[in-house]
Number of protein chains: 2
Amino acid sequence: MSKARLLLGREAAASLDQRTSEAAAALKAAGITPALAIVRCGENASDLAYEAGVLKRSKAAGIEVRRVILKENCEKESLIREIHKLNEDPGVHGVLMFRPLPKALKPYEGGICNELSPEKDVDCMTDLSNAGVYEGKELGFPPCTPSACMEILDYYGIDLEGKNVAVIGRSLVVGRPLAMMLMARHATVTICHTRTRDIPSITRRADVIVSSAGVLNSLTAEHVREGQVVIDVSINWDPSGKGGKGGIAGDAAFDEIEGIAGAITPVPGGVGAVTTSVLFSHVVTAAQRQKGKG
Amino acid sequence: MSKARLLLGREAAASLDQRTSEAAAALKAAGITPALAIVRCGENASDLAYEAGVLKRSKAAGIEVRRVILKENCEKESLIREIHKLNEDPGVHGVLMFRPLPKALKPYEGGICNELSPEKDVDCMTDLSNAGVYEGKELGFPPCTPSACMEILDYYGIDLEGKNVAVIGRSLVVGRPLAMMLMARHATVTICHTRTRDIPSITRRADVIVSSAGVLNSLTAEHVREGQVVIDVSINWDPSGKGGKGGIAGDAAFDEIEGIAGAITPVPGGVGAVTTSVLFSHVVTAAQRQKGKG
């Protein structure tokens, strides 16, 4: 039984980082240091972990990172004031605000997100960024995770034109934008979700399967056939992982699919390893666009 | 050979008009006359024909229609000024601007469209209306044609949850928004387009086929199987229609599909017969929303 080729996030990320750092160097030569502002309310553990990763990796990509840290119980108005300051600051090209916001701000989250200028919206939190993804227009930026999927597909030379792609999941952060991005590359996309009947019959007919169900072991041998490309987007907790100690895993029952599919992204080490690189590339693109307008 | 049930636009339209006129009457009782402004640049024949239809049918729906007519060679600034006036006029609840704009204005069309307030955008010409369709949020309104398809499906009690739907066409006026609207009703949607391989193999597996290819006789017996619902959105010119005199026809090779499918919309007399009713219903909804905010 031959094993599926592993599509490694770190390889796609390294390739993208290389292009980003070259573009950042060109901008610096023109007097512009591409800068990302991180907006964080409170000390949520996963926000802090992501922030640490961004800070650690930003130097290699040539991106400056500034942090705007507010209290968990900050006023809505204070947060909006900070966003407006970043909108007006020509030294900041992209803004990443951690979400979900703290509980007290949650009811206003949609409105707060839309206070950000779309041209600095490097993580797709405004309605206009979403419109851009849907319309295929240059308005803001797509979310980082579906862009990371596209980077992996491109890095490994997986052609999409005329291919059938089954996307499992219809969220605004993965499934829906990815469907739009794949369609823009002339793939024929079927969007599956919790109300879809007989998902295996749909995925087996596809050339590429993208799973963002967020359910451990939900993608099994019956979903796949020989030669398919499987992109596993989800990050689930597997209590039996890492030899019973518990660990991170995707949607795929990896061991059984590995022997059938032609290629698969591991979890960890797949899509998730590319999202920060995408964020940096968005910041550089934002700086280029703002330079053009400035 | 049994014949497919005809899904008649006029029946779905009459049902929708009834609801619209009731809602309009309730608004009038509260002192608000739901009003649509039509913005037309020049004397394009198809614009004039559509306008005449709107004027003729508006009374029964309880909608007031005002026309803003500019010259074909009007300045961009004049057109934008008229749009701003309509934005600010509390007596106008919805605006329909005929597109495409005249040739000289065409390069600015996207920007001009976005000058309209999304809450008056009853025909989905702004980015925020598009974001609303994509995100499933109440921002502006979806385009009239896909809404008309949904009205027909609903009027004839065609359940969508868990059903497989093949949508042919990926335009922003039909295919893409309809895919979003069908998905919001929990259908599993495959979007086919000009680069899709083997469309018949996809459409034959669907429960519902929506064709918006805009190509005469492109949907044939090999695309369909017994019992399917076929929604034919396109309006094509058939030189051999009406006994050789030429006439309007859809994508479906009607005679051969009628004997196979379970139900089909005729062209003319199908989806196209419902779009004006949808426009009126959007105007009433816009008036209701603006009342709530006023």
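Here region A:92-107 is the region considered, the condition is being out of contact with any strand residue (DSSP E or B) (no Cβ under 9 Å at 6 or more places or on another chain) and touching a residue at least 12 places away in the same chain (Cβ under 8 Å), and the residue that is farthest from A:Q290 (Cα to Cα) is A:A104.
Scanning region A:273-280 finds one or more residues that are among the aromatic types (F, W, Y) and touching a residue at least 40 places away in the same chain (Cβ under 8 Å). Restricting region B:200-215 to residues that are within 12 Å of another protein chain (Cβ to nearest Cβ) and not in a loop (DSSP other than H, G, I, E, B) leaves a set whose member that is surrounded by the fewest Cβ atoms within 10 Å (Cβ to Cβ) is B:S201. Just one of the listed residues (B:R205, B:R195, B:R289, B:R225) is of a type in the set (K, R) and outside the structural domain of B:R170 (by TED's automatic domain parsing), namely B:R289.
Checked against (1) touching a Lys or Arg at 6+ places or on another chain (Cβ under 6 Å); (2) under 30 Å from B:G111 (Cα atoms), A:G162 passes all but condition (2). Helices (runs of 4 or more DSSP H) fully within region B:108-199 that include at least 1 residues being within 13 Å of another protein chain (Cβ to nearest Cβ), touching a residue at least 40 places away in the same chain (Cβ under 8 Å) and surrounded by fewer than 19 Cβ atoms within 10 Å (Cβ to Cβ): B:175-184.
Listed here are the residues, each with its yes/no results for (1) within 26 Å of B:T194 (Cβ to Cβ); (2) polar (S, T, N, Q); (3) modelled with pLDDT under 95.
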position	(1), (2), (3)
A:M181	yes, no, no
A:R185	yes, no, no
A:D198	no, no, no
A:N236	no, yes, no
A:A249	no, no, no
A:V274	no, no, no
A:A287	no, no, no
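Pairs meeting the criteria (first residue in region B:66-91 and at pLDDT 95 or above, second residue aromatic (F, W, Y) and surrounded by fewer than 17 Cβ atoms within 10 Å (Cβ to Cβ), beta carbons under 7 Å, at least 6 apart or on different chains) are B:K76/B:Y108. Restricting to region A:225-248, and then to whatever is in a strand (DSSP E or B) and under 17 Å from the mean Cα position of the chain (by Cα), can you tell me which residue is farthest from A:A206 (Cα to Cα)? Residue satisfying both the conditions and the ranking: A:N236. If the condition is being in a helix (DSSP H, G or I) and either surrounded by 13 or more Cβ atoms within 10 Å (Cβ to Cβ) or of a type in the set (K, R) (or both), then region A:35-52 contributes A:D47, A:L48, A:Y50, A:E51. For beta carbons closer than 9 Å, sequence separation of 6+ or different chains, a first residue in region A:40-60 that is more than 18 Å from A:I235 (Cβ to Cβ) and a second that is of a type in the set (K, R), the qualifying pairs are A:R40/A:R67; A:C41/A:K71; A:G42/A:K71; A:L55/A:R67. Against the definition (among the hydrophobic types (A, V, I, L, M, F, W, C), at pLDDT below 95 and over 13 Å from B:R40 (Cβ atoms)), how does B:A131 come out, yes or no? No, not satisfied.
The values are calculated or read from the model by the stated rules, or taken from the named source; none is laboratory data. Everything numeric here is computed off the predicted structure, so don't read it as measured data. As a convention, Cβ positions derive from the backbone with ideal geometry for all residues, glycine included, and neighbour counts pool all protein chains shown.
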